[in-house]
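Have a look at the structure below before the remarks.
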Amino acid sequence: MIRDKYQRPALLSQAPGPTRLKTSAMIASIAGADQPTRAAPFGHALVELAKTRADIVGLTADLSKYTDLHIFAKAYPDRFYQMGMAEQLLMGAAAGMAREGFTPFVTTYAVFATRRAYDFICMAIAEERLPVKIVCALPGLTTGYGPSHQATEDLAIFRGMPNLTIIDPCDALDIEQATPAIASHPGPVYMRLLRGNVPMVLDRYDYRFEIGKAKLLRDGDSALVISSGLMTMRALEAADMLAAQGVSVAVLHNPTIKPLDEATILAQAGRAGRPVFVAENHSAIGGLGEAVAALLMRKGVYNRFRQIALPDEFLDAGALPTLHDRYGLSAAAVAKTIRETTG
Amino acid sequence: MTQETNIRPNLSLAERAYRIRRHALRMGEVQGQGYIAQALGVADVLAVSYFHALTYRPGEPEWEGRDRFLLSIGHYAIALYAALIEAGVLPEDELETYGGDDSRLPMSGMAAYTPGMEITGGSLGQGLSIAVGMALALKRKASKAYVYCLFSDGELDEGAVWEAAMSAGSHKLDNLIGVVDVNNMQADGPSKGVLNFEPLGPKFEAFGWNVERVDGNDIDALVRAFDAARHGAAPGPRIVICDTKMAKGVPFLEARERNHFLRVEAEEWTLALAALDAGRQI
């Protein structure tokens, strides 16, 4: 928290100024005003997949509406299991269903899966490589509700878990393609979810989601941004802004946090003299940035390196656009960081 | 007796319990220490489970029609191995590998190691949640199989047990049979002193379960309770609460005050086996 304890804000009536944004709903849309979106891409993709996959069931801990699983629940009411607000039970029961041959898609918020249910995911699911797909809304900083709902360390928590594949999709297209891909993947998967009206960005690029593959979306000589999740759209936007200023930025989208696509990352990050930025919607500790840094150190790649990530702090509550600016995740903030570093 | 095949089919349940205790003591001797008292205490419950209640095929541990028996208390593995040996699921000669390098019988039970071990227990309090998922799945498959989940009074400290208990009641899982070993001993001392869980029967009743509470070392009482659990017409999950005596059957070990993790001197194993033999009911 940046504010002092009980610090009283300036009142609008006393200090009239620019319009102050409101926190808005629990899950604020990350879409820009004129950005094309798709509604509930995960829910619709799962319904489509379930037509041909009778083994797919859906479980939630009282958050179907907020994870887009309600779309599946409506289409397949007998394949939907409401487990109540009990995340340990949720994961244990999913393990039991997977043992009996089903492929459970399990949804809750990222904070609850990581912080409350870790041991159950670890021992009941991951240790036995059961095909449970854990799909969690509110990854990183995607709500203004404060630390109780901001999963700023979910990747740090889960990266240490053996057997677990971790996916951080960028947009609606990524989610639509990742949903069947993780269902076909033999082991457990954690996928960070953007829900509601989710921006559609990657359809403008020659792109297809593949587990374990990083994809170069645009090339450039001045800097390389390796990014995952919504930070890929921010990086693309920042690259557009910088191109207008004569700075050409390459963007490597890396939606699989684990296992890391080491070959592609090394090939791109090894280009001499091009600084490497890693942009992630996550704490600077334990996420994609540190994973890439460790890889580059191990392999002797010593280009300039900088993380664009959230600070190691419990973050403020407030309106999401304000917070993304404050903590450096907005496109403008990303462009500024790259500009400062590349000089 | 409902298992499809069985070696030595004419042995009494009391004799089965005796033999399970003997297998457990022999495994204990390999390590020189371990969760012997729990194994001796729960042997009658396992004898009634594997030789009266459960449907299974000893040579086909993953047979789809089997009743699932989940060991939530991973450190009771020594007891379940003894029962699985007696049931013909595991060969008796593997006793000597218990807890050793590359053994299929690790000290804490793990599904990937041992035929007949349905889940990886050990992180206490997880079994009943997994059992809920399996019971829901079996209903989805229209299977007639039961899910049994053996857990301990110590595990009742874990909040997740009560999440699962509420869920099983809410989903009316009449194919789920919980079996609680109440031996009133956990790592730090007598269970009721660590965290009082009584009155236990009424707690489960309040969560929608059909409750039987019996002396877990009384085979006739266990048979009646397991029959009631399996054949009762009432909706909802069933639980058999078994009050057992730690180290039952070996009086000088029963008398040890702190017997959660027993250390037994080398010469005492022979004495323990002799004491067990002396109490054998023929």
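Quick notes
- The listed residues are A:S222, A:S228, A:S148, A:S184, and the only one of them that is more than 14 Å from chain B (Cβ to nearest Cβ) and without any contact (Cβ under 8 Å) to a residue 12 or more places away in the chain turns out to be A:S184.
- From the list A:M85, A:M161, A:M123, the lone residue that is without any contact (Cβ under 8 Å) to a residue 40 or more places away in the chain, part of a loop (DSSP other than H, G, I, E, B) and within 14 Å of chain B (Cβ to nearest Cβ) is A:M85.
- All conditions but one from (1) in a helix (DSSP H, G or I); (2) buried (at least 24 other Cβ atoms within 10 Å of the Cβ); (3) more than 10 Å from chain B (Cβ to nearest Cβ) apply to A:M91; the one that does not is (3).
- Number of positions in the range B:66-96 that are outside any loop (DSSP other than H, G, I, E, B) and free of Cβ contacts under 8 Å to residues at least 24 places away in the same chain: 2
- Every residue from the range A:94-105 that is more than 26 Å from the chain's Cα centre (by Cα) and more than 7 Å from chain B (Cβ to nearest Cβ): A:G101
- Qualifying residue in the range A:31-50 (condition: within 21 Å of B:I119 (Cα to Cα), over 22 Å from the mean Cα position of the chain (by Cα) and modelled with pLDDT of 95 or more): no
- Scope the range B:108-135; condition touching a strand residue (DSSP E or B) at 6+ places or on another chain (Cβ under 7 Å), in contact (Cβ under 8 Å) with a residue 40 or more places away in the chain and not β-branched (V, I, T); matching residues: B:M117, B:E118, B:G121, B:G127, B:L128, B:A131, B:M134, B:A135
- Test set (1) over 30 Å from A:A117 (Cβ atoms); (2) in the same structural domain as A:G328 (by TED's automatic domain parsing); (3) assigned to a loop (DSSP other than H, G, I, E, B) - A:D206 fails condition number: (2)
- Qualifying residue in the range A:53-72 (condition: within 23 Å of A:P169 (Cα to Cα), surrounded by fewer than 19 Cβ atoms within 10 Å (Cβ to Cβ), under 24 Å from the mean Cα position of the chain (by Cα) and away from chain B (no Cβ under 14 Å)): yes
- One residue alone among A:G318, A:G328, A:G286 is assigned to a loop (DSSP other than H, G, I, E, B), out of contact with any His (no Cβ under 7 Å at 6 or more places or on another chain) and under 18 Å from A:D168 (Cα atoms), and that residue is A:G286.
- Only one of the numbered conditions (1) in a loop (DSSP other than H, G, I, E, B); (2) away from chain A (no Cβ under 14 Å) is violated by B:G109, and that is (2).
- Hits in the range A:243-268 (condition: buried (at least 23 other Cβ atoms within 10 Å of the Cβ) and in a helix (DSSP H, G or I)): A:I265
- For the range A:142-158, the set of residues classified as buried (at least 24 other Cβ atoms within 10 Å of the Cβ) and either of a type in the set (A, V, I, L, M) or assigned to a strand (DSSP E or B) (or both) consists of A:A151, A:L155, listed by residue number.
- Among the residues of the range B:92-112, none qualifies, meaning not one is within 21 Å of B:N217 (Cβ to Cβ) and either surrounded by 24 or more Cβ atoms within 10 Å (Cβ to Cβ) or hydrophobic (A, V, I, L, M, F, W, C) (or both).
- For the range B:123-160, a residue qualifies if it is under 24 Å from B:Y81 (Cα atoms), more than 7 Å from every other protein chain (Cβ to nearest Cβ) and not in a helix (DSSP H, G or I), and the qualifying residues are B:L124, B:G125, B:A145, B:Y146, B:V147, B:Y148, B:C149, B:L150, B:F151, B:S152, B:D153.
- Taking the range A:231-240 as the range and being without any contact (Cβ under 8 Å) to a residue 40 or more places away in the chain and among the charged types (D, E, K, R) as the test, only A:D240 passes.
- When the residues of the range B:191-241 are filtered to those that are among the hydrophobic types (A, V, I, L, M, F, W, C) and in a loop (DSSP other than H, G, I, E, B), the one that is surrounded by the fewest Cβ atoms within 10 Å (Cβ to Cβ) is B:A233.
The values are calculated or read from the model by the stated rules, or taken from the named source; none is laboratory data. Treat the numbers as computed from the prediction; the structure is a model and nothing was measured. Glycine gets a Cβ as well: all are built from the backbone with ideal geometry, and neighbour counts include every protein chain shown.
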